[in-house]
Amino acid sequence: MGYRWVVLAVGALAQGTNAAVFLGLPAITPQLREHFDLTLPQVGLLLGAVNLGTMLTLVPWGAAADRRGERVVMTIGGAGAAVSLAMAAVDGPVVAGLALVVAGLFGASVNAASGRAVMTWFPADRRGLAMGIRQTATPLGAALTAAVLPAVAVGAGVPAAFVALAAFTGFVAVAIAVLVREPPWASRATDAKGGASLGVILKDPALIRLSAAGALLVVPQFTAAALMVELLHGHRGVAVGTAAALLAVSQVLGGLGRLGTGAWSDRTQDRITPLKTMSVAIAAGFALTAALVDQAPTPVLAVALIATAALALAWNGLALTATAELAPEGRSGTALGMQNTANYLSATITPPVASWLAATTGWPTALLLAALAAATARVLLTRTPTPTRT
């Protein structure tokens, strides 16, 4: 059964490559503005184009993975994303924006299909850790891209940066086509022949509550990601490089947290109870940080922020594993697409709302909103059943 680790490695690589596009591109924001002659709001729209495309196709790609399997879905999606990223290298912000939307449309295939592959290949007592590894690839992919892509953009230009992303995405698509296969015991969706239909998945009360809880937990996650550097630098006078380094530390700790919570859920064979505990811890962390943000010494505030931001990252794999296990047989891809759509929508809305609250009503309000979102997620999880599928 060592082959399942090959599937996990390729799935994690695909997940990290996808994150390199939607989370790594902001690292070259100054170069994008200069190359395309854009204002700050305009470059924000350009960077948001990937998320827009992704949100529109997460559920369809998940349904396609349930019917056709992960290999064909991720291969087609990766190849399409690679071609689209290459098209973004053509001069002109409009062409680049449209190309990034299409890259998101194709890249969304990875989110549901790679998760389905993990759920199919790994037994119940290993899924939590496996999904945690897969989810840790997201911050790692973003971090590596942030370290490398600016040097490419400065040294060879913005088009070369897009071409580099396209080339690596294409390479991963080839790796998927060559290395990934489904196990013989994998179930496929069958529509009218007895399987659960797409409509049944989208109307399932437990999956709706779990998706809503995940969307609420994204609020603290992206509040920390969007505001931590500005809070420390603009509000407390910490050097911008130091503030960015502290954010990076929180990302690494959060990635390790995803591994830890996944292993925890494997030992207990329970995804929901750890997710409830994490929701309470996140709410408490943001409430404490809100109390410290204006009065506490800067080192104390920095430690609280690092710990809270790490907690806000660590829950993700639990929710996705529970979602896939709650889905009817053969429909885990569709359920994961539903969960990810809610997460992406929340990730798109949270940064501007949290920034507006911080600017208009103060930092404590923005942090308390994150605490309230996590507390509300805990309430929603009260009636969410523990998955029992092996």
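Values computed for the structure shown
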| read-out | value |
| --- | --- |
| Candidate set: the stretch 315-329, residues that are open to solvent by less than 10 Å² (accessible area, probe 1.4 Å) and part of a loop (DSSP other than H, G, I, E, B); chosen: the one farthest from Q15 (Cα to Cα) | A327 |
| Subset of the stretch 355-375 [over 11 Å from M228 (Cα atoms) and aliphatic (A, V, I, L, M)] | L357, A358, A359, A366, L368, L369, A370, A371, L372, A373, A374, A375 |
| Subset of the stretch 80-101 (residues that are part of a helix (DSSP H, G or I) and either in contact with a Cys (Cβ under 9 Å, 6 or more places away or on another chain) or open to solvent by less than 50 Å² (accessible area, probe 1.4 Å) (or both)) | G80, A81, A82, S84, L85, A86, A88, A96, G97, A99, L100, V101 |
| S355 vs. criteria assigned to a helix (DSSP H, G or I), open to solvent by 30 Å² or more (accessible area, probe 1.4 Å) and within 25 Å of L47 (Cα to Cα) | yes |
| Hits in the stretch 291-303 (condition: open to solvent by 10 Å² or more (accessible area, probe 1.4 Å) and either within 14 Å of L368 (Cα to Cα) or of a type in the set (V, I, T) (or both)) | A291, L292, D294, T298, V300, V303 |
| Scan of the stretch 23-65 for residues that are modelled with pLDDT under 80, open to solvent by less than 40 Å² (accessible area, probe 1.4 Å), closer than 30 Å to L8 by Cβ and not small (G, A, S), ordered by number | L47 |
| Lone qualifier among T341, T323, T384 - being within 14 Å of the chain's Cα centre (by Cα) and either at pLDDT below 85 or under 18 Å from A113 (Cβ atoms) (or both) | T341 |
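The values are calculated or read from the model by the stated rules, or taken from the named source; none is laboratory data. Bear in mind that the values here come from a model prediction, so they are computed numbers and not experimental data. Note that each Cβ is placed from the backbone with ideal geometry, even for glycine, and that neighbours are counted across all protein chains shown. The area values use the complete protein model at the heavy-atom level, side chains included, leaving out ligands, DNA and RNA. Shrake-Rupley method; radii C 1.70, N 1.55, O 1.52, S 1.80 Å.
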